[in-house]
1. When the residues of region 86-113 are filtered to those that are over 30 Å from Met1 (Cβ atoms) and open to solvent by less than 100 Å² (accessible area, probe 1.4 Å), which remaining residue is farthest from the chain's Cα centre (by Cα)?
2. Among the listed residues Glu83, Glu60, which satisfies the condition of being surrounded by 11 or more Cβ atoms within 10 Å (Cβ to Cβ) and at pLDDT 90 or above?
3. Kindly indicate whether any position in region 55-63 is free of Cβ contacts under 8 Å to residues at least 12 places away in the same chain and in the same structural domain as Gly22 (by the TED database).
Amino acid sequence: MNFYVLLRAVDRLAANYSRLPGIFDSEIGEDVPRLKEAAVSVLSDMGLKGSSLSEDLIAEVCRFAGAEIHPVAAFIGGVASQEVIKLVTKQFVPLNGTFIFNGIDLKSQVLAL
């Protein structure tokens, strides 16, 4: 739930400042309070007034600068490398179609096109 609120806050911050948080290293320190303010605003819109998020989590979202969330990127990279090994060694059948991964539910599927 925290990442959902923070990603909504990133969208709000991008709309207000025309850039994603943490894009420029010198502005990461400035982006943390801005993102915290946007997150509190999102929480308030959701009816959770008085709620807040961890400073560490907010700083981490600023650090990865609108890129993929690290564990999801690591998982997708592992799947891609596994498929490359299958193709190169010709020992197993590679995925046939488009691989879809839902990072929220941790479920994946292959859609044959």
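The values are calculated or read from the model by the stated rules, or taken from the named source; none is laboratory data. Just so we're clear, the structure is a prediction, and the values are computed from it rather than from any experiment. Because the Cβ atoms are built from the backbone with ideal geometry, glycine has one as well, and the counts that use them run over all protein chains shown. Please note that ligands, DNA and RNA were not included when accessible areas were found on the heavy atoms of the full protein model with its side chains. Shrake-Rupley method; radii C 1.70, N 1.55, O 1.52, S 1.80 Å.
1. Applying the filter and picking the extreme gives Thr89.
2. Exactly one of Glu83, Glu60 is surrounded by 11 or more Cβ atoms within 10 Å (Cβ to Cβ) and at pLDDT 90 or above, namely Glu83.
3. There is at least one residue in region 55-63 that is free of Cβ contacts under 8 Å to residues at least 12 places away in the same chain and in the same structural domain as Gly22 (by the TED database).
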